[in-house]
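Undergrad: Structure in structure tokens, see below.
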Amino acid sequence: MINKRLLIKNLLSHNDENSFYDKKQKVSLGSKEGKAKFLKHICALSNSNPANNSYMVIGVEDEENKIMGVDFFDDSKIQNLVNAYLKNPPKIQYENVPFPRLPRHKVVGLVTISSNNLVTSLLKNAWKYRRNTIFYRRGSNSMPFLGSNFELRNTNNIIVESIEKNASNNIELTLNGVFDFIKNHKEEYNPQYKVFNEQFVLCWAGKKKIINEEEFFTRVDIELINEQVRLFFSSLDDVQITYNESSFIITEYILLGIDASEKRYPLEKTIIHFKDNGKHDIVKELLFTLPQFDKSNIQYIYNKNNAIIKKIENDIALSVIEQEGVFRLPSNYLICYLNGFFDAPEQLKKAKNYIKNLDDKTTYIKYKEAMRVLRKVKYN
């Protein structure tokens, strides 16, 4: 098994980006420009590495090679994006890799691109990039190919094999990973580990609470220590956890409701299945059922939220009641979206900087959680 943290360190030791790896401080898949640039780099790396994996490391400051980290990203549909926009799409995998010096909510994103040994090109227009464009890597740059016949060349397989081999996991790295996980989580979060199939070591932690005689956990953190990959992270949502000899099952719930009348709704089930052949699968099942609320109440909430947004945009001081209403903006706009107000996410984004700069970071956490749920529901 490859220790992904060690792999990232090995990649970054090649201080300059090259034809088999790219590094970014962040990617923005929410904008047309950000999505197109991401697809361009995936296309170029795939075409430049037909016989080996290539990589994109996200959360690294470019000039000084400093690890800054990014938010945990659990979008299992990212392959769908690549399939929709690229002809002969490579197989890609996005993984969240924790580093001890980063804050708990930050990771380094690792995108692994596995070419299918065919020329990859744009299937349709993406931002300013035209359909049928072929990209390739020239040093650290992703360039459009301007000729008529693009030739795949196996130029990096030996060096990439060496980098991956040097990142192989061992007993010392596994034990250190378990000790680090336990040390970095307070006792109240009950950090623990479990071994699956005598091969996989999974660590998890979460603050336990009993609701209507059912056991839930919040602030849940789950890592596969062998690969040093974070499999699940949640700041606020309630989570139920079960496991057997070969599977670890996470069921995630979200709180939705108007004012104080909130109710838990199952959002998604994640099943991590460990196989006897040294591999594992992660299967996600969306459980969410659309809650319906009184239309007149939703219209009232939507209008009230928009009034707060307008004041924020015009830098007008909010009343005490409106300041309290800011705390509920993320969940209220989420409910509005689910009930047919489809511009609610764009309205919420207008308040992002205001919410981010609040002294109490709880509202900003709720903002990020709401956007994550919106992404999940939208993809499905």
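Undergrad: Skipping prolines and chain starts, which residues have an amide H placed within reach, meaning under 5 Å, of the one on residue 231, given they are 5 or more residues away or on another chain?
TA: Under 5 Å from the amide H of residue 231 lie the amide H atoms of 222, 223, 224, each far enough along the sequence or on another chain.
Undergrad: Separate question: In what sequence, highest mean first, do 337-346, 220-229, 363-372, 207-216 appear when ranked by Cβ atoms within 10 angstrom?
TA: Highest mean packing first, the order is 220-229, 363-372, 337-346, 207-216.
Undergrad: Taking the Cα centre as origin and putting +1 on Lys and Arg beta-carbons and -1 on Asp and Glu beta-carbons, what dipole magnitude results for the chain, to the nearest 20 debye?
TA: 1300
Undergrad: What is the order of 271, 158, fewest Cβ neighbours within 10 Å to most?
TA: In order of increasing Cβ crowding within 10 Å: 158, 271.
Undergrad: Using θ = phi - 60° and the Karplus relation 6.51 cos²θ - 1.76 cosθ + 1.60, list the HN-Hα couplings for the stretch 246-257 in order, rounded to whole Hz, with x at every Gly or Pro.
TA: Once rounded to whole Hz, the list reads 10, 9, 10, 10, 10, 10, 9, 10, 10, 8, 9, x.
Undergrad: Angle between the Cα long axis of helix 362-379 and the longest principal axis of the chain, 0 to 90 degrees, nearest 10?
TA: For helix 362-379, the angle is close to 70 degrees.
Undergrad: If packing is taken as the mean number of other Cβ atoms within 10 Å per residue, what is the order of 4-11, 191-198, highest first?
TA: 4-11, 191-198
Undergrad: Between residue 300 and residue 218, what is the FRET efficiency for a Förster distance of 30 Å, r being their Cβ-Cβ separation, to the nearest 0.05?
TA: Using R0 = 30 Å, I get an efficiency of 0.50.
Undergrad: To the nearest 20 debye, what charge dipole does the stretch 41-160 have about its Cα centre, counting +1 at the Cβ of each Lys and Arg and -1 at the Cβ of each Asp and Glu?
TA: 400
Undergrad: Run lengths n ≥ 4 of DSSP H only: what is the helix-derived mean residue ellipticity at 222 nm for the chain, with -39500 (n - 2.57) per run over all residues, to the nearest 500?
TA: Dividing the helical sum by the residues of the chain leaves -9500 deg cm²/dmol.
Undergrad: With 10 angstrom as the radius, rank 218, 270 by how many other C-beta atoms surround their C-beta, starting from the fewest.
TA: Listing 218, 270 from fewest to most nearby Cβ atoms yields 218, 270.
Undergrad: Next question. Rounded to the nearest 20 Debye, what is the dipole magnitude of the stretch 151-285 about its Cα centre when Lys and Arg each give +1 and Asp and Glu each give -1 at the C-beta?
TA: Here the size comes out at about 140 debye.
Undergrad: Something else about it: Between residue 361 and residue 245, with labels modelled 7 Å along Cα→Cβ, what's the label distance in nm to one decimal, could you check?
TA: Roughly 4.3 nm, to one decimal.
Undergrad: Lys/Arg Cβ at +1, Asp/Glu Cβ at -1, dipole of the chain taken about the Cα centre: which of 289, 240, 125 is farthest positive-ward?
TA: Of the candidates, 125 comes out farthest on the positive side.
Undergrad: Would you mind ranking 127, 204 so that the residue whose beta carbon has the fewest other beta carbons within 10 Å leads the list?
TA: Least to most surrounded, the residues fall as 127, 204.
Undergrad: Quick check on packing: order 321-334, 237-250, 141-154, 162-175 by the mean number of other C-beta atoms within 10 Å, highest mean leading.
TA: By packing density, highest mean first, the sequence is 321-334, 237-250, 162-175, 141-154.
Undergrad: Could you let me know the centre-to-centre spacing of the stretch 193-216 and the stretch 238-300, using Cα atoms, in angstrom?
TA: Their Cα centres are 16 Å away from one another.
Undergrad: Using Cα atoms only, what is the angle between the long axis of helix 32-48 and the major principal axis of the chain, expressed in degrees (0 to 90) to the nearest 10?
TA: For helix 32-48, the angle is close to 20 degrees.
Undergrad: I'd like the trypsin sites (Lys or Arg not before Pro) in the stretch 33-113 restricted to DSSP loop residues with at most 10 other Cβ atoms within 10 Å, sorted by number.
TA: Sites meeting the loop and neighbour criteria: 101.
Undergrad: May I ask which residue of 39, 56, 90 lies farthest towards the positive end of the charge dipole of the stretch 1-92, with charges of +1 (Lys, Arg) and -1 (Asp, Glu) on Cβ and the Cα centre as origin?
TA: Of 39, 56, 90, it is 90.
Every number here is computed from the coordinates shown, using simple stated rules; none is lab data. Computed from a prediction, not measured in an experiment: that's the story for all the values here. No Cβ is skipped: glycine too gets one built from the backbone with ideal geometry, and neighbour counts run over all protein chains shown.
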